[in-house]
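Some notes on the structure that comes next.
What follows is calculated from the coordinates using simple rules that are stated; it is not laboratory data. What you are looking at is a predicted structure, and each value in this text was computed from that prediction instead of being measured. Positions of Cβ are backbone-derived with ideal geometry, glycine not excepted, and every protein chain shown enters the neighbour counts.
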Amino acid sequence: MSRATPLQTVRALAAGYGPRVFQVRGWVLAAIVLAPVGLMLAVSAAFALHGDALPPGSALAVFHTILAKVALPILALIAAPAGIREDLEQRTLPLLLTRPAPAWALPMGKGLSWFAWGAAWIIIATLGLQILGGDAGLLPGRIGALVGAWWGELAFVALLGLTFKRGTLWAALWLFGWENLVAVFPPFLQRLTFTHYIESLAGSRGHSVGATELLAQAQVNTEPWLALVILFLAGLVFWAACGWKLHATPVGLAGSEAEG
Amino acid sequence: MIKLDRASLRYGAVLGLSPTSFELPDGGGIVGLLGPNGAGKSTLLQLLSGLLPPSGGTVELFGQAPFRNPEVLARIGLVPEGDRLPVGLKGRGWLRMMGRLSGLDGAPLEAAMAKALDTVGMSERADLPFQRMSKGMRQRMRLAQALLHGPELLILDEPFNGLDPEARLTLMALLRNLADGGTRVIVSSHILSEVAQLTDRILLLFRGRLLAEGGISEIRQLLDRHPVELRLTGESRALARWAVEQPELVAMALEESAAVLSIRNPRDFLPRLQSEAAKGGLPITGLDPLDLNLEAVFQYLTKDHA
């Protein structure tokens, strides 16, 4: 009797569900990442036609304020429910759970195609942003920051979606609430945010802190390589927790949890 | 092959299956899991297919507990109830994924897919997206995924629901072939005649309890013993005159243009009624069985048990 290894399981799901990214949800994700960059490029072209240029630091502002703090969380909030949570809601999960494959590998396998799709558009957007200017030496760090945070945030939202009935709401509160609120709390708490690691990798935006952020605490620093490792490991831990949750929770034909 | 020892399942405070014990030996054949809606059929199938662990007692398939156990899951195939398939995927691609999740790959996977699709008659249409397949085609694809890895035990939950008569007969023939080939098939249904066409071995469930295990002829006998109600529409007085001469008649009520008969042994009574009507000897325009269904039998059975 054959059975699937964890690696086979992840590969099978990533390949099997891969075509799903070319549907509406996938193109919405691409538009969310590309729209702000495209808009900035259009504005920049309009300025150039009048012999002007965008203010210095515009690209950095778009990166930190739009891509990292708005687009990336929205991406995760849209993509994660298309993962294993979707099978739970559409009652197709029993079809997967009755295969001789490790149940704990299913969430990551289902999320991998969305991660790859989102990462591709994030890289394209970051490269597009580079056209507006900025230190080319920082480009790898920026790409690493966004892709690393995308990996972590996608797994984080997937975990909350699998753990709580209103998981997406809790995830939104974390990504849009806590991530911004933490700036006025004691500095060490910044390490419990994706934003901290993005800024550690992509370069601090400390110089751009304005009057509205006067309450902000001093920023703590993490070495860029360590920030990337932490984002990667955090993602792995969140996927593992998703896997453990699925493995340990009885899921019946109705898609709901049962008390075993 | 299957052994339940006082296995029960609770959904919170609700008892889905009372402590149940039975054994099914190795080997092929079809077993019907029979009971009205809400009897606990799906609950039992979920225990057998390893989706849910029992709240009490033990469930063993091939000597092991099936819950999250790949060694057991590699030997069973499940066709769940309902029209559930992932949206936005094509049949063949999805089937390939399900095969890989069973540890198949390369040439063996392609051969298994070809065999499963051929068995269910979907070889030519497997490249369609699920949303462009008919209900019957989607049911065949669900069956194909369950057959892909050559299971020794095939579990089908209400597989005939929503199928047209032709698809129903095709599926029945397919299940008989599989059973003849050595696969043990468990089919749940709330329709007695469906199960009767497939097998004589049944498990009777009612309100979360296993009432009986055995031959379908015993159920037929219970049906015969239990008076059933029939409404004959037509000239009520003429119908009544004919009915009082029948030995199966237990009670009768006359309506304006119908006679409601309470009769025993419907299998003797109905052919005679049909024959008389065909000869033109009965002014009958309609026949409605009022309680000639499984629910009535089960109510009768539970009264017997009480």
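Between residue A:24 and residue B:173, what is the FRET efficiency for a Förster distance of 30 Å, r being their Cβ-Cβ separation, to the nearest 0.05? Walk me through the intermediate numbers first.
Values: r = 40 Å, r/R0 = 1.35.
After rounding, the FRET efficiency stands at 0.15.
Let me know the mean shielding of A:241-254 by other chains, meaning the per-residue number of their Cβ atoms within 10 Å of its Cβ. Before the final figure, lay out the partial values.
On the way: counts 0, 0, 0, 0, 0, 1, 1, 1, 0, 9, 3, 12, 13, 6.
The mean count of partner-chain Cβ atoms within 10 Å per residue comes to 3.
Could you work out the mean count of beta carbons from other protein chains within 10 Å of each residue's beta carbon in B:98-111?
Values: counts 7, 5, 10, 17, 10, 11, 5, 5, 0, 0, 1, 1, 0, 0.
Going residue by residue through B:98-111 and averaging, the value is 5.
Please give, to one decimal in nm, the separation of the simple spin-label points placed at residue A:163 and residue A:254, each 7 Å out from Cα toward the Cβ.
So the two model labels end up 2.6 nm from each other.
Select from region A:158-197 those trypsin sites (Lys or Arg not before Pro) which occupy a DSSP coil region and have at most 15 other Cβ atoms within 10 Å, ordered by residue number. The partial results should precede the final answer.
On the way: sites: A:165, A:166, A:191; in loops: A:165, A:166.
When the trypsin sites (Lys or Arg not before Pro) of region A:158-197 are filtered for loop state and at most 15 Cβ neighbours within 10 Å, A:165, A:166 remain.
Share of antiparallel DSSP beta bridges in chain B, in percent to the nearest 5? Display every interim value, and only then the final one.
Working: 37 of 55 bridges.
Here the share of antiparallel DSSP bridges comes out near 65 percent.
Of the beta bridges DSSP finds with both residues in the protein assembly as shown, what % are antiparallel, to the nearest 5?
Details: 38 of 56 bridges.
Once the DSSP bridges in the protein assembly as shown are tallied, antiparallel ones form about 70 percent.
Provide the per-residue ³J(HN,Hα) series for region A:55-67, in order, calculated from phi with Karplus coefficients 6.51, -1.76, 1.60 and θ = phi - 60°, each as a whole number of Hz, with x at glycine and proline positions.
Rounded to whole hertz, the list is x, x, x, 4, 4, 5, 5, 4, 4, 6, 7, 8, 5.
Report, by chain and number, residues whose modeled amide H sits under 5 Å from the one on residue B:88, excluding near sequence neighbours (fewer than 5 apart, same chain).
B:130, B:131
To the nearest 0.05, how large is the calculated FRET efficiency for residue B:279 and residue B:161 if R₀ is 35 Å and r is the Cβ-Cβ distance?
Numbers: r = 38 Å, r/R0 = 1.08.
Rounded to the nearest 0.05, the efficiency is 0.40.
Residue by residue through region A:177-187, which ³J(HN,Hα) values in whole Hz follow from phi under the Karplus form 6.51 cos²θ - 1.76 cosθ + 1.60 (θ = phi - 60°), with glycine and proline marked x?
Running phi through 6.51 cos²θ - 1.76 cosθ + 1.60 with θ = phi - 60° gives x, 4, 4, 8, 5, 5, 4, 9, 9, x, x Hz.
To test your reading of the geometry: what angle, between 0 and 90 degrees and rounded to tens, separates the Cα axis of helix A:224-248 from the longest principal axis of chain A?
Once rounded, the angle reads 20 degrees.
Where in region A:35-64 is the amide nitrogen less than 20 Å from a point lying 7 Å along the Cα-to-Cβ axis of residue A:221?
It comes to A:64, nothing else.
Order of B:235, B:218, A:199 from fewest to most other C-beta atoms within 10 Å? List each step's numbers first, then the result.
Working: B:235 16, B:218 13, A:199 22.
In order of increasing Cβ crowding within 10 Å: B:218, B:235, A:199.
How are the alpha carbon pair distances in the protein assembly as shown distributed across 10 Å bins from zero to the largest one, expressed in percent?
Going from the shortest bin to the longest, the percentages are 3, 15, 20, 18, 14, 12, 8, 5, 3, 1, 0.
What is the angle, in °, between the Cα long axis of helix A:139-163 and the longest principal axis of the Cα atoms in chain A? Nearest 10 is fine, range 0 to 90.
40
Percent of Cα-Cα pairs more than 35 Å apart in chain B, please.
Numbers: 15070 of 46665 pairs.
Pairs farther apart than 35 Å: 32 percent.
Any idea what the dipole of region A:6-248 comes to, in debye rounded to 20, about its Cα centre with Lys/Arg Cβ at +1 and Asp/Glu Cβ at -1? The partial results should precede the final answer.
Details: 14 positive and 10 negative charges, 168 e Å.
In total the dipole reaches around 800 debye.
For the residues B:272, B:201, what sequence is obtained by ranking on other C-beta atoms within 10 Å, fewest first?
Details: B:272 13, B:201 16.
So the residues, fewest neighbours to most, are B:272, B:201.
Skipping prolines and chain starts, which residues have an amide H placed within reach, meaning under 5 Å, of the one on residue B:287, given they are 5 or more residues away or on another chain?
B:233
Could you work out, residue by residue across A:78-90, how many beta carbons of other chains sit within 10 Å of that residue's beta carbon, and then give the average as an integer? Don't skip to the end; give the middle numbers.
Details: counts 0, 0, 0, 0, 1, 0, 0, 0, 2, 2, 0, 0, 4.
Going residue by residue through A:78-90 and averaging, the value is 1.
Can you give the FRET efficiency to the nearest 0.05 for residue B:21 and residue B:207, using r as the Cβ-Cβ distance and R₀ = 22 Å?
Numbers: r = 17 Å, r/R0 = 0.78.
Working from the Cβ atoms, E equals 0.80.
Expressed as a rounded percentage, what relative contact order does region A:6-248 have, with Cα pairs under 8 Å and six or more residues apart?
Computed value for region A:6-248: 26 percent relative contact order.
Collect residues whose amide H, placed 1.01 Å from N in the peptide plane, falls under 5 Å from the amide H of residue B:30; neighbours closer than 5 in sequence don't count.
Placed amide hydrogens put B:185 under 5 Å from residue B:30.
Among A:66, B:263, A:84, rank each residue by its count of other Cβ atoms within 10 Å, from fewest to most, as a rough exposure measure. It would help to have the intermediate numbers written out before the result.
Values: A:66 19, B:263 22, A:84 26.
Listed from fewest to most nearby Cβ atoms, that is A:66, B:263, A:84.
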